[in-house]
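A.B. asks: Here you go, one structure.
Taken together, the values in this text are just the output of simple stated rules run on the coordinates, not laboratory data. Worth saying up front: this structure is predicted, and the values here are computed from it rather than measured. Note: ideal-geometry Cβ built from the backbone for every residue, glycine included; neighbour counts use all protein chains shown.
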Amino acid sequence: MLVLGIETSCDETAAAILDDTGEVLSNVILSQIKLHEKYGGVVPEIACRKHIEVIDLVVEEAVKSAGIDKKDIGLVAVTVGPGLVGALLVGATFARGFAMGLGIPLIGVNHLEGHLFAGQMEHKELRFPYISLIVSGGHTSLVKALGLGHYEVLGRTLDDAAGEAFDKVAKMMDLGYPGGPIIEKMALNGIKKAYKFPRPMINDSSFDFSFSGLKTAVLYQLKGYGGAVAAPLKTDEKTVSDLAASFQEAVVDVLLDKAKKAMKYCGLETLSIGGGVGANGRLREVFSDAAEKEGWKCFLPSRNLCTDNAVMIAGIGRARFMEKKDMLKKIDVNPRLPL
Ligand code: KG4
Ligand code: ZN
């Protein structure tokens, strides 16, 4: 059974095809970054319009580059939440029409479950149970994943998501959008210990996160608050690089600390990371080193499977369909769909 996955929950229009063994035949991602960057963030109305404009082209391209005949597709999986309601509706409506036209089943997929499952799409040796660290623009969660559909959220962010903090800090320094990749690039030449930023909630016994105080600490440093006289920092390249490196290190430190504690608490030795922040080179390095040192396995999907994509949506849709044959006849989108 060939599977078509469709993802339109935010600012990427994506489609992917899996073959009957679950291998990836195509993975097409049309990013709208260029359209949103001048606004410093995703504008829902613009995202929605662009999805409408390109969804059929993206799906056509996925079919074409997979080298298959559309009529051979046996299942459509589509993201139904969480995400921007208008954007989700475009994907879900298109998917419904596509599946109806071919007379094939349609399954609604949770975007977060997609991120949780992304590692399994590439690493066949990754199997439940494991701890999943989902670090994206909208979510930061530690999840005990016991089996398909059996998830216990151990902790989540109480305010900003990790990716959101990257985006906001980049915005403060006028670096552009999205902030994650830009901060990562600037941090390459920066000194990680140049600024002593807080590691929020690192001594808290819960598995929750909080990144808004860290973001404010960067802002205060920039504005020069805290001294007798406020003297804003000069935002030359060296200063920005040091701020970026110090901020990034604080985020990664907190994520690693909480992930370590969660693994210990659950007695699990396998960790899988998903979501856009998982593409961060420093995070990948620190987690890989820690895994080697601690003797656990850390699975990091390749960068384009960390950020939003339809491979993970097709994958989790396929797995769920095969296990339970549970398909949603009515595809209702839910912008706040929980895991
Ligand atoms: O998973 P994703 O593509 O979309 C959501 O589901 O939110 O994540 C997007 C987030 C953005 O906040 C972006 O700045 C961040 O992931 N991101 C990164 C990197 N690449 C993307 N953060 C840090 N380093 C990166 N290299
Ligand atoms: Zn995502």
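A.B. asks: Just to confirm the filter: which GluC sites (Glu not before Pro) across segment 1-80 are DSSP coil and have at most 16 other Cβ within 10 angstrom of their Cβ?
C.D. replies: Answer in residue order: GLU23.
A.B. asks: Filter LYS34/LYS261; LYS124/LYS168; LYS215/LYS293; LYS193/LYS261; LYS260/LYS324 down to the pairs with a C-alpha to C-alpha distance above 28 Å, please.
C.D. replies: LYS34/LYS261; LYS124/LYS168; LYS215/LYS293; LYS260/LYS324
A.B. asks: Turning to a different aspect of this structure: So what's the back-of-envelope 222 nm ellipticity for the chain, counting only DSSP H runs of four-plus at -39500 (n - 2.57) apiece and dividing by all residues, rounded to 500?
C.D. replies: My calculation for the chain gives -14500 deg cm²/dmol from helical runs alone.
A.B. asks: Follow-up. Could you grab the relative contact order for segment 128-300? Cα pairs under 8 Å, six or more apart, rounded to a whole percent.
C.D. replies: Once divided by the residue count of segment 128-300, the mean separation gives 27 percent.
A.B. asks: Find which of GLY276, LEU2, SER302 sits farthest along the positive direction of the dipole of the chain, computed with +1 on the beta-carbon of Lys and Arg, -1 on that of Asp and Glu, about the Cα centre.
C.D. replies: With unit charges placed on the Cβ atoms, the residue in question is GLY276.
A.B. asks: While we're here: Classify segment 264-315: rounded, prolate or oblate, from the alpha-carbon gyration tensor (a ≥ b ≥ c, eigenvalue square roots; a/c under 1.5 rounded; otherwise prolate if a/b is larger than b/c)?
C.D. replies: In terms of gyration-tensor shape, oblate.
A.B. asks: Then there's this: Summarise the long-distance tail of P(r) for the chain by giving the % of C-alpha pairs beyond 36 Å.
C.D. replies: When all Cα pairs of the chain are counted, 21 percent exceed 36 Å.
A.B. asks: Separate question: Out of the trypsin sites (Lys or Arg not before Pro) in segment 285-318, which ones are loop residues according to DSSP with at most 10 other C-beta atoms within 10 Å?
C.D. replies: Sites meeting the loop and neighbour criteria: none at all.
A.B. asks: Ok, one more. Along the charge dipole of segment 128-300, pointing to its positive end and built from +1/-1 on Cβ of Lys, Arg, Asp and Glu, which listed residue (ALA228, LEU142, GLY179) has its Cα farthest out?
C.D. replies: ALA228
A.B. asks: Considering only DSSP states other than H, G, I, E and B, which trypsin sites (Lys or Arg not before Pro) in segment 85-170 qualify as loop sites with at most 15 other Cβ atoms within 10 Å?
C.D. replies: LYS124, ARG127
A.B. asks: Take every DSSP beta bridge with both residues inside the chain and express the antiparallel ones as a percent of the total, to the nearest 5.
C.D. replies: 55 percent
A.B. asks: Let me see the P(r) profile for segment 128-300: every Cα-Cα distance counted, bins of 5 Å, each bin given as a percent of all pairs.
C.D. replies: For segment 128-300, the pair-distance distribution reads 1, 9, 18, 21, 19, 14, 9, 5, 3, 1, 0, 0.
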